[in-house]
Amino acid sequence: MFRFFENLVHPYGAYDETAPPPQTLGAFFRYYAVPFRKLFWLTAFMSVVVAAIEIGLIFYMGRVVDILIGDPAEVWETYGTELLLVGAFILVLRPILQLFDVLLLNNAVIPNFGTIIRWRAHKHVLRQSVGWFENDFAGRIANRIMQTPPAAGEVVFQAFDAITFATAYIIGAAIMLWSADVRLLVPLAVWLVLYAGLMRWTMRRVGPASQAASDARSTVTGRVVDSYANIHSVKMFAHHDRELDYAKEAIEATRTTIQAEMRIYTTMDAVLVFLNGLLIVGVVGWGLALWLNGGATTGVVAAATALTLRLNAMTGWIMWALTTFFRQLGVVAEGMETISQPIDLMDKSNAKPLDLVEGRIEISDLSHHYGRGQGGLDRISLSINPGEKIGLVGRSGAGKSTLVKLLLRFYEAEDGQIKIDGQNICDVTQDSLRCNIGMVQQDSSLLHRSVRDNILYGRPEASEKDMLEAARQAEADEFIADLQDPQGRAGYDAHVGERGVKLSGGQRQRVTLARVILKDAPILVLDEATSALDSEVEAAIQKTLYGMMEGKTVIAIAHRLSTIAQMDRILVLDDGKIVEEGSHTELLQREGLYAQFWSRQSGGFLNLEAAE
């Protein structure tokens, strides 16, 4: 039974992935509610049915009071069958209808609605560019992805469990009082007007206050995760107290926003108690007055009293449900600031996979300044022949990394173009482009998974034999065999920790190298690929790297000039421009910037300060 209702909606079904989620609340919910339309209508209908049953029972209890005024034997003879049928309805049909209502809401709607938002939001955010992620806290992004789905689910739950039910209940109560004596509607109508005014006052304040509190909580999460992710720096510089102060500032801002939100609820509760007192005195008092004057039966007074007390108990729940509804809307609105952002770097609608035949790279008038008008690259033009090995040298900020990021299309170039085998990289799919480029970075970050998973990330379909061979070529097989994590997993099954923190810098670099060796892409980018290795391991790895380069187009960034001295051609970048170009020997003979770098090296590294 549970499985039937849980499978009424498939949260991972196909949908239009090209457009971002809407940026207004109503449209946002409608976008995700498309697979639930029929289910939502049925759930709303069942909420009305359940409310009608509750009202009917109260109305019938008033009838029972009137029936009991008489001779017991005569009452049983006249109404016995009716009472038995009502009892059977209460024992059998009522639980079935309420169970159906609960199954629809709790098992069909809520788990799947939250899942569909979380899945699509994560899928959408993963498609964002590298630059998009660099402009925000990873913790805040994750927090919004995780808190928005349950908040949206709570909105839907309250809409059906409380708002629809309460609306139907109040309408039913009005009909019941009208059928008993139309004058009983007067105190109910007055109360409804005052109650609606209180709701309006509360709702206008709860949404913004909740969004502010949610945003403050996300900021706290972002700052705390930032500290944890950089715990080595925190400990190394002994900045424990500084990080506490940094977090405390955000925590205090959160406390202030929550205090403002709670003041609204306290005011609401105080006024609500007074309004409920008016309701009880108004309806019950008027009912008693009518009874004293012979204008109402004892059953009418009893039913009106029961109904009023039930409304008194419900009003706090309704108000809390409504405030929860709008508070969670605030959380959703805050999450939408991340989830609903358009993807800033997308494939063209007619983009095709890269057809890489030779590996020729042509760069024409390429400029990129990160929107600042300076820094980055400035009108670079360059041709790299198939199989050619290019070295990139330059001071920090000269544009080396920018060139590589644009080649990988992590950013959209502000001007100019890059072609691979005659194909503009803006006209091919990003995945096909990056599948043809292998890159080893200086910051060799790993996934918090097993060593095997990290190496196979280069080519998931690779065999175990190929994976082991890649590890051997990267001089990683020996230390991997000795690994063991706190859960007892050993060797290639051992987990490496977040960003690979359980491994040394050299070990991480060798696992990264194994991953790229396994990928075996025709274009290879090396960004200080051996900088984290000791001299002995580097000497062994260099042989592997030169083997990797065979038949590939290579771009290597290096501060250790000895690692690129054997390149076919070396480019010297300065202030975003190519200022020198040639082989190692040719550049030394020119006695220009490269020669200065070479002469001022210390231990094989660029002395950038001396070269300024």
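The values are calculated or read from the model by the stated rules, or taken from the named source; none is laboratory data. Keep in mind it's a predicted model, so treat the numbers as computed, not measured. FYI the Cβ positions are ideal-geometry reconstructions off the backbone, even for glycines, and counts take in every protein chain you see. Only protein heavy atoms, including side chains, enter the accessible area calculation; ligands, DNA and RNA are left aside. Shrake-Rupley method; radii C 1.70, N 1.55, O 1.52, S 1.80 Å.
What number of residues in region 44-75 are in a helix (DSSP H, G or I) and under 21 Å from ALA302 (Cα atoms)? Looking only at that region, the number is 19. Restricting attention to region 10-50, which residues are surrounded by fewer than 12 Cβ atoms within 10 Å (Cβ to Cβ), closer than 17 Å to VAL332 by Cβ and in contact (Cβ under 8 Å) with a residue 60 or more places away in the chain? Hits for region 10-50: nothing passes. Taking the conditions (1) at pLDDT 85 or above; (2) open to solvent by less than 60 Å² (accessible area, probe 1.4 Å) in turn, GLY547 satisfies each one other than (1). Taken residue by residue, region 437-452 has no member that is among the acidic types (Asp, Glu) and buried (at least 16 other Cβ atoms within 10 Å of the Cβ). Looking for something farther than 29 Å from ILE339 by Cα and part of a helix (DSSP H, G or I) - is there at least one such residue anywhere in region 26-39? Within region 26-39, none of the residues are farther than 29 Å from ILE339 by Cα and part of a helix (DSSP H, G or I). Of everything in region 305-321, what is open to solvent by less than 20 Å² (accessible area, probe 1.4 Å), modelled with pLDDT under 75 and not β-branched (Val, Ile, Thr)? Give them in sequence order. Residues satisfying the conditions are LEU307, LEU311, MET314, MET319. Scanning region 408-467 for residues that are out of contact with any His (no Cβ under 8 Å at 6 or more places or on another chain) and aromatic (Phe, Trp, Tyr) yields a count of 2. Residues that are buried (at least 18 other Cβ atoms within 10 Å of the Cβ), on the phi < 0 side of the Ramachandran plot and part of a loop (DSSP other than H, G, I, E, B) within region 561-580 comprise ILE564, MET567, listed in sequence order. Residues that are open to solvent by 30 Å² or more (accessible area, probe 1.4 Å) and free of Cβ contacts under 8 Å to residues at least 12 places away in the same chain within region 57-82 comprise LEU68, GLY70, ASP71, PRO72, ALA73, GLU74, TRP76, GLU77, THR78, THR81, GLU82, listed in sequence order.
The number of residues in region 448-475 being among the hydrophobic types (A, V, I, L, M, F, W, C) and without any contact (Cβ under 8 Å) to a residue 40 or more places away in the chain comes to 1. Considering every residue within region 282-291, establish whether at least one is touching a Ser or Thr at 6+ places or on another chain (Cβ under 6 Å) and closer than 25 Å to VAL186 by Cβ. The answer is yes, given that some residue of region 282-291 is touching a Ser or Thr at 6+ places or on another chain (Cβ under 6 Å) and closer than 25 Å to VAL186 by Cβ.
Which number in (1) part of a strand (DSSP E or B); (2) at pLDDT below 75 marks the one condition that LEU524 misses? Here LEU524 meets the rest and fails (2).
Condition check ((1) buried (at least 17 other Cβ atoms within 10 Å of the Cβ); (2) on the phi < 0 side of the Ramachandran plot; (3) of a type in the set (D, E, K, R)) across all residues:
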| site | (1), (2), (3) |
| --- | --- |
| LYS235 | no, yes, yes |
| GLU252 | no, yes, yes |
| ALA260 | no, yes, no |
| ASP269 | no, yes, yes |
| VAL273 | no, yes, no |
| GLY277 | no, yes, no |
| VAL281 | no, yes, no |
| ASN293 | no, yes, no |
| VAL301 | yes, yes, no |
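Listed by first and then second residue, the pairs with beta-carbon distance under 8 Å, at least 6 apart or on different chains, first residue in region 547-560 and outside any strand (DSSP E or B), second of a type in the set (Ser, Thr, Tyr) and crowded, with 17+ Cβ neighbours inside 10 Å, are HIS559/SER531; ARG560/THR530; ARG560/SER531.
Is it the case that some residue within region 396-405 is in contact with a strand residue (DSSP E or B) (Cβ under 8 Å, 6 or more places away or on another chain), among the basic types (Lys, Arg) and surrounded by fewer than 19 Cβ atoms within 10 Å (Cβ to Cβ)? No, there is no match, as no residue in region 396-405 is in contact with a strand residue (DSSP E or B) (Cβ under 8 Å, 6 or more places away or on another chain), among the basic types (Lys, Arg) and surrounded by fewer than 19 Cβ atoms within 10 Å (Cβ to Cβ). Among the conditions (1) over 24 Å from the mean Cα position of the chain (by Cα); (2) of a type in the set (Ser, Thr, Tyr); (3) crowded, with 17+ Cβ neighbours inside 10 Å, the only one that SER210 does not satisfy is (1).
Taking region 96-204 and the helices (runs of 4 or more DSSP H) fully enclosed by it, the elements with 2 or more residues that are of a type in the set (A, V, I, L, M), out of contact with any Ser or Thr (no Cβ under 9 Å at 6 or more places or on another chain) and surrounded by fewer than 21 Cβ atoms within 10 Å (Cβ to Cβ) are at 110-126, 138-158, 165-180.
If I filter region 119-142 for residues that are in contact with a Pro (Cβ under 9 Å, 6 or more places away or on another chain) and of a type in the set (A, V, I, L, M, F, W, C), do I get at least one hit? Yes, that holds for at least one residue.
I'd like to check something: does region 149-165 contain any residue that is modelled with pLDDT of 85 or more and farther than 30 Å from GLU54 by Cα? Checked region 149-165: at least one residue is modelled with pLDDT of 85 or more and farther than 30 Å from GLU54 by Cα.
Taken over region 486-504, residues that are within 29 Å of TYR546 (Cβ to Cβ), surrounded by fewer than 20 Cβ atoms within 10 Å (Cβ to Cβ) and more than 30 Å from the chain's Cα centre (by Cα) amount to 2. Beta carbons closer than 6 Å, at least 6 apart along the sequence or on distinct chains, pair a first residue in region 273-293 that is under 25 Å from TRP320 (Cα atoms) with a second that is at pLDDT 75 or above and open to solvent by 50 Å² or more (accessible area, probe 1.4 Å) for LEU275/LEU194. Just give me the residues in region 307-348 being polar (S, T, N, Q) and free of Cβ contacts under 8 Å to residues at least 40 places away in the same chain, in sequence order. Once the filter is applied, which keeps residues that are polar (S, T, N, Q) and free of Cβ contacts under 8 Å to residues at least 40 places away in the same chain, region 307-348 yields THR308, ASN312.
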